[in-house]
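Structure provided below as structure tokens; questions to follow.
The values are calculated or read from the model by the stated rules, or taken from the named source; none is laboratory data. As the structure is a prediction and not an experimental result, all values here were calculated from the model. Please note: Cβ atoms are built from the backbone with ideal geometry, for glycine as well, and neighbour counts cover all protein chains shown.
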Amino acid sequence: MKIGILSTNARLYSTARLVEAAIERGHEVEVINTLKCYMDITSQKPMVLYKKRRLDDFDAVIPRIGASITFYGLAMLRQFEMMGVFPLNESVAIGRSRDKLRALQLLSRKGLGMPRTSFAHSTHMTEELIDLVGGAPLVLKLLEGTQGKGVVLAETKKAAESVIDAFREMEANFLVQEFVTEARGEDIRCFVIGDKVVASMIRRAKEGEFRSNLHRGGTAESVKITPTERETAVKAAKILGLNVAGVDLLRSKDGPKIMEVNSSPGLQGIETSTGKDVAAKIIEFIEKNLVKGEQATKTKNKG
């Protein structure tokens, strides 16, 4: 099997580990810089080209599309799908997960637990937005933020109003969310492949910080999750149509609450903290589920 990995940097840990795992399992693999690809979209035969070469011999592609190149990356992935190449995660599913508001709406419709969340456009609705999530303390999140960037904890109503006003001045889209106090700066990353959680870790924020992201100085270690947490993580990935996902949960007095579903979860933190070969499990999933021919989008009628 020949596998293409769409990544702008072959030296990144996740990309390098996927290459290593594919080779170890006897496959041919090539890293393709997504931004250096271009496509023929008007001919009778859809085509992706890279360095003047047609990329028409891949059996599967693994999209490692960063948030900053979502638009172009998804366009490229759609082209591969039109060519009949099997995508680890479909373009529609990735697009849904990247739109934080839409993802929350889809998960909420299916009754999954989440922090209370509000969203609006008018500056006159500031007090109502705060009241909808139960007041301060609360968390404000830019819709376009990643790795904990654009996430602010407002401990008082006055602070919340100031941050909301600042975001309005930026004309930024943002969410106002309940702050789950009992989580104590911890969250659970569940790594879902297919219908299983193959690895899970608990992340803890560094002292003086409420964001537990490893990129923000947090720490992580392997954790045993509950059956409810496992079921919630798998269901969240399925609702968005993702074959592979990092589902972030908070432990609350009301049960697990979903913070985010990541369609391109990193491998370094989860493999280091759990000792599990997650990269090999991803390649194994492709081996078992590879479907040739024009891809039928599983999620097209789900909202």
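Condition first: among the aliphatic types (A, V, I, L, M), farther than 23 Å from F174 by Cα and surrounded by 21 or more Cβ atoms within 10 Å (Cβ to Cβ). Now tell me which residues in region 81-99 satisfy that.
V85, L88
Hey, another quick one. Any chance you could count how many residues in region 238-276 are among the charged types (D, E, K, R), out of contact with any helix residue (DSSP H, G or I) (no Cβ under 7 Å at 6 or more places or on another chain) and more than 19 Å from Q105 (Cβ to Cβ)?
Total satisfying the criteria: 2.
Which ranges mark the helices (runs of 4 or more DSSP H) fully within region 208-298 that have 1 or more residues being touching a Leu at 6+ places or on another chain (Cβ under 8 Å) and modelled with pLDDT under 95?
268-274
Suppose we filter M39, M76 for residues that are in a strand (DSSP E or B) and over 24 Å from E284 (Cβ atoms); which single one remains? Lay out the reasoning, then the answer.
Working: M76 fails: in a strand (DSSP E or B).
On inspection, the qualifying residue turns out to be M39.
From the residues in region 112-147 that are part of a helix (DSSP H, G or I), in contact with a helix residue (DSSP H, G or I) (Cβ under 9 Å, 6 or more places away or on another chain) and surrounded by 15 or more Cβ atoms within 10 Å (Cβ to Cβ), which one is modelled with the highest pLDDT?
Step one: filter region 112-147 for residues part of a helix (DSSP H, G or I), giving 123-132.
This time we only want the ones that are in contact with a helix residue (DSSP H, G or I) (Cβ under 9 Å, 6 or more places away or on another chain), so: 123, 126-127, 129-130.
In the following step, the residues that additionally are surrounded by 15 or more Cβ atoms within 10 Å (Cβ to Cβ) were identified as 126, 129-130.
Working: T126: 87, L129: 89, I130: 92.
Looking at the filtered set, the residue picked out is I130.
Could you list, in sequence order, the residues of region 98-145 that are within 19 Å of G246 (Cβ to Cβ) and small (G, A, S)?
A103, G113, G145
Pull up region 148-179, narrow it to residues that are at pLDDT below 90 and either assigned to a strand (DSSP E or B) or assigned by TED's automatic domain parsing to the domain that holds G218 (or both), then point me to the one that is nearest to S118 (Cα to Cα).
Step by step, filter region 148-179, then rank; the result is L175.
If I ask for residues that are within 26 Å of the chain's Cα centre (by Cα) and surrounded by 12 or more Cβ atoms within 10 Å (Cβ to Cβ), which ones from region 28-49 would you list? I'd like the intermediate steps shown before the answer.
Kept after step one, since they are within 26 Å of the chain's Cα centre (by Cα), are these residues of region 28-49: 29-39, 48.
Once the filter is applied, which keeps residues that are within 26 Å of the chain's Cα centre (by Cα) and surrounded by 12 or more Cβ atoms within 10 Å (Cβ to Cβ), region 28-49 yields V29, E30, V31, I32, N33, T34, L35, C37, Y38, M39, V48.
For region 52-87, which positions are in contact with a strand residue (DSSP E or B) (Cβ under 9 Å, 6 or more places away or on another chain) and under 17 Å from A10 (Cβ atoms)?
Hits for region 52-87 are L55, F58, V61, I62, P63, R64, I65, G73, M76.
For (1) of a type in the set (D, E, K, R); (2) under 23 Å from L101 (Cβ atoms); (3) in contact with a Phe, Trp or Tyr (Cβ under 9 Å, 6 or more places away or on another chain), each residue gets a yes or a no:
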site: L242; (1), (2), (3): no, yes, no
site: M259; (1), (2), (3): no, yes, no
site: N262; (1), (2), (3): no, yes, no
site: S273; (1), (2), (3): no, no, no
site: D277; (1), (2), (3): yes, no, no
site: L290; (1), (2), (3): no, no, yes
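Let me ask another. Looking at R109, R78, which one is surrounded by fewer than 16 Cβ atoms within 10 Å (Cβ to Cβ) and in contact (Cβ under 8 Å) with a residue 12 or more places away in the chain? Please lay out each step first, then the result.
Details: R78 fails: surrounded by fewer than 16 Cβ atoms within 10 Å (Cβ to Cβ).
Unique residue meeting the criteria: R109.
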